[in-house]
Every structure is written in C-alpha cells, then in structure tokens.
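Undergrad: Just passing along the structure, written as structure tokens.
The values are calculated or read from the model by the stated rules, or taken from the named source; none is laboratory data. Small disclaimer: the values here were computed from a predicted structure and weren't measured. Positions of Cβ are generated from backbone atoms using ideal geometry, with glycine treated the same way; all protein chains shown enter the neighbour counts.
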Amino acid sequence: MLRIDARRTALFLAVPALAFLGAVAAWRAMLPGVAYWDDAVAALFSSVCLLGPASAGFAAWVALREHRLDYLRGLTARSPALGPLLDLLLLGIVTLCAYAVVAAVVAAKTMIHVEAGHPKPIGPLAGALTLLVYTVVGYLAGRLVPRLPTVPAVAVVTYLWAAARPEPWADLLPPPGVGHVGLFAALRTELLAAQALWSFGLGAVLVTGYLWALTRHAWLALPTVAAAGVVTGTTLWLHGQQRTPAVVPRAFAYSCRQWPLTVCVHPGLHTALPSLEAALTPLAARLSGTPGRFVRIEHRPDNDFPRPGHGVVYIHLSDLSPGYAHRAAQEIEISLLDARTCGDPRHAVGARYSALVSAWLLDEGPPRLDDAVAARAFARWDEQRRRRWLHTHYARYHSCTLRGRDFHER
C-alpha cells in the first residue's frame, strides 16, 4: 500500500503540460499591446475552457489507473473512501498548481502593461473552483465507467460544455463565455461571485454524493442536500441575469497628450499616445484651414459614434496590434467624406479623385487613376500647393464630386 500511495506523487509530472496548455490559451486571448485587469480575468476564463477538459481527461485516466488496484485496497482496514479522497486531493493540487502558473503569467503581462482597472480576486477564484469541478467530473467518470474510451470522451464532453452551451443563458454558468472585456467596460463582481459559488456547490454535490454512495454513511446526506440547494439557488439567480449584460460601463479618466495636438485615449492605451500623435499630426496639419480641421482626438468605445464637436474627431481602437496608428488616421480620414454621396454609384468617378487626395492625407501610395493627367499634376505639386488646393476644393473632396479639371488649375 505504501508503494501505491507513492505512485500518486507522479501526478505532479503533469503540471508543466497542463500549465503550458492553459498559458497558451490565456496568452492568445489577451489583446495585443493592451493589458487591464478585467480582460486578464477573461483570459483566465479562456484558459479554463482548454485547461478544464485537459484536467478532466487526466483525472479520468488517473481514476482508471487506480481502479485496477482496488483489489489491493480491499486487503487493508482503510476506509473505501480514503483512496478516492486522496486521489481527488492530489488531482486538485495538480490542477491548481497548473492554474497558478497560468495566473502568474497573465498577472505578469498585465502588471507590465497595465494602465487601467484593479485586480479582482473573485475572478481567479471562480476560475480555480471551475477547474476543480472539471477535475471531479473527470475522476468520477473514470471511477464509474473504468474503460479507456472514457478518457477521451470526458475531455470531449467537457470541452463541448464550454464551446456549445444548450441555452443562451447558460453562457453565464462557469466557465462564462465573456470573450474580451472592452476597454470601457468591467466585469460584474456579483456575477463572478455567483459563478464561484455555483462551482463550489456543484463540486461539493459530486464529492459528497459519491462518498455517500461509497460508504453508505447517512450523515453525508446533509451536506449533499445543502450543496444541491446552493447549486439550485445560484442557477436560478444566474438564469434571472440573462437579460443583464455580464459587463457594465466603467468610469475612467482619459490619459492625454497636449502638444502639438490634444490626443486623449483610454488609460489602458496610454503607451500609444506618442505613436498616435506622430501619426495624426501630419494629417491635422494638412487639414488645417479646412472644415475638416481638428485639434483634439478622443478615443471612444467601438459602439459609440457621437457627433463630433468643432475641431474634435473620434477614434475607436480596441487593441494595439501592428498598424493601429495608421488605422486611427484612416478612421479620421473616412469621417471626412460624405458616406451618402461617396457611396452613390453616380459619384464613382468623383470618389476615385477623392481617393487620390485621401492617399496624400494618409501618406499612402496614390491609387491607380484613369485620368493620368490629373494624377501627374497632383503628384508634381509640392506640400504647400496641395494644402492651398485642398482649402479651395474641400467641399468637392468631402462630397466626392471632384473632376479632372479641378487638378488642372494654374
């Protein structure tokens, strides 16, 4: 029996593999160049969606292996519950160690780049309890159906639980399908607490129920029923939250750079200010003196498109993937054009001439134009002449009604 117990220490060899899987899933879920605590919690939930099924499959394999040695345990005076309890304890420690490594990786990346939000311990706790439920489910499946196909079956079924929920409201059950948490939003703390409680209750039901069936101790009925009540209550509460979003707007103070333009972004994008200023200052200089001029840039949520004030333009950035500054400049340039007239097929020719001007505004290569004379004329002009020309012809540029003769003026 000592040799059997010693074999259990080999379970810790699985920690690096589980941690690697979870870290890869979490890292891929985090936004490029941006880090804030609410999205870090969402990344941990994404890691649980992969680490959980892997832990469940591993637990099922351990249960299958240990089941083959049950005849030896029958030769001792030990309680029949002691072996499974020790297995579950060690499996839980292995899973939590792997999860701790993943959480450390996510926390390190967040702390290096973080400019927004505050840590929410209830989020990692909800993820840890969810992982323990996966482990218990896998182990009990391996004990109840001690066949080799049980291992992949458990991994697939538990993966599908996170990937394909039967009802839309079930996305609120652990692990929650929150995806990315936007820069301007925050996870609801009470929802995370309910998910942690649900996982704790379900794990308690499974463990105490199994021990009750194994030992026939009547007193185990009390914790089993109590835990079932917790699961039922939290399930009903989560079901009632289906019309309430999992995230709520978050109050914040802009991070701004004041010169030569005023560029204000969400504090989570604070590191982008120098690049944005460098990319948008030439555009602002070329538009100076026209109705499209601007002196202030504000960062807004993706679904928020307010009417800009005089001299103010808005950008919508969700991450800092390569090319983000140029994308911001393109967004401002697109807002200069009248979408109604420029999208009209009757103004297709004018739209091509406006595209030529837009390429100059954005420092892009000029588009191919049928009117080679106009394209060569515009290419020969120096920067000052182009600015004077745009000041005169801005209205036609804005409405995509430019013609070739507009480029032939002396």
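Undergrad: Can you name the condition, by its number, that GLY365 falls short on among (1) out of contact with any Ser or Thr (no Cβ under 9 Å at 6 or more places or on another chain); (2) in a helix (DSSP H, G or I); (3) small (Gly, Ala, Ser)?
TA: (2)
Undergrad: Examine region 127-142 for a residue that is surrounded by fewer than 21 Cβ atoms within 10 Å (Cβ to Cβ) and either assigned to a loop (DSSP other than H, G, I, E, B) or of a type in the set (S, T, N, Q) (or both), and state whether such a residue exists.
TA: Looking through region 127-142, none of the residues is surrounded by fewer than 21 Cβ atoms within 10 Å (Cβ to Cβ) and either assigned to a loop (DSSP other than H, G, I, E, B) or of a type in the set (S, T, N, Q) (or both).
Undergrad: Ok, one more. In the list ALA193, ALA213, ALA226, which residue meets the criterion of being in a helix (DSSP H, G or I), assigned by TED's automatic domain parsing to the domain that holds LEU144 and modelled with pLDDT under 90?
TA: Selected residue: ALA213, the only one of ALA193, ALA213, ALA226 that is in a helix (DSSP H, G or I), assigned by TED's automatic domain parsing to the domain that holds LEU144 and modelled with pLDDT under 90.
Undergrad: Report whether or not ALA351 is in a helix (DSSP H, G or I), over 20 Å from GLY292 (Cα atoms) and of a type in the set (Gly, Ala, Ser).
TA: no
Undergrad: Consider region 269-296. How many of its residues are of a type in the set (Val, Ile, Thr) and under 18 Å from LEU362 (Cβ atoms)?
TA: Here the count works out to 2.
Undergrad: Residues that are in a loop (DSSP other than H, G, I, E, B) and not assigned by TED's automatic domain parsing to the domain that holds VAL41: does region 261-272 have at least one?
TA: Within region 261-272, one or more residues are in a loop (DSSP other than H, G, I, E, B) and not assigned by TED's automatic domain parsing to the domain that holds VAL41.
Undergrad: Scan region 229-250 for residues that are assigned to a helix (DSSP H, G or I) and either surrounded by fewer than 15 Cβ atoms within 10 Å (Cβ to Cβ) or not polar (S, T, N, Q) (or both) and report the count.
TA: Here the count works out to 10.
Undergrad: Identify, by number, the condition in (1) under 37 Å from the mean Cα position of the chain (by Cα); (2) not in a helix (DSSP H, G or I) that ALA329 doesn't meet.
TA: (2)
Undergrad: Go through (1) outside any helix (DSSP H, G or I); (2) in the same structural domain as VAL373 (by TED's automatic domain parsing) for TYR314 and report which single condition fails.
TA: Here TYR314 meets the rest and fails (2).
Undergrad: Residue check: is PRO84 buried (at least 17 other Cβ atoms within 10 Å of the Cβ) and at pLDDT below 95?
TA: yes
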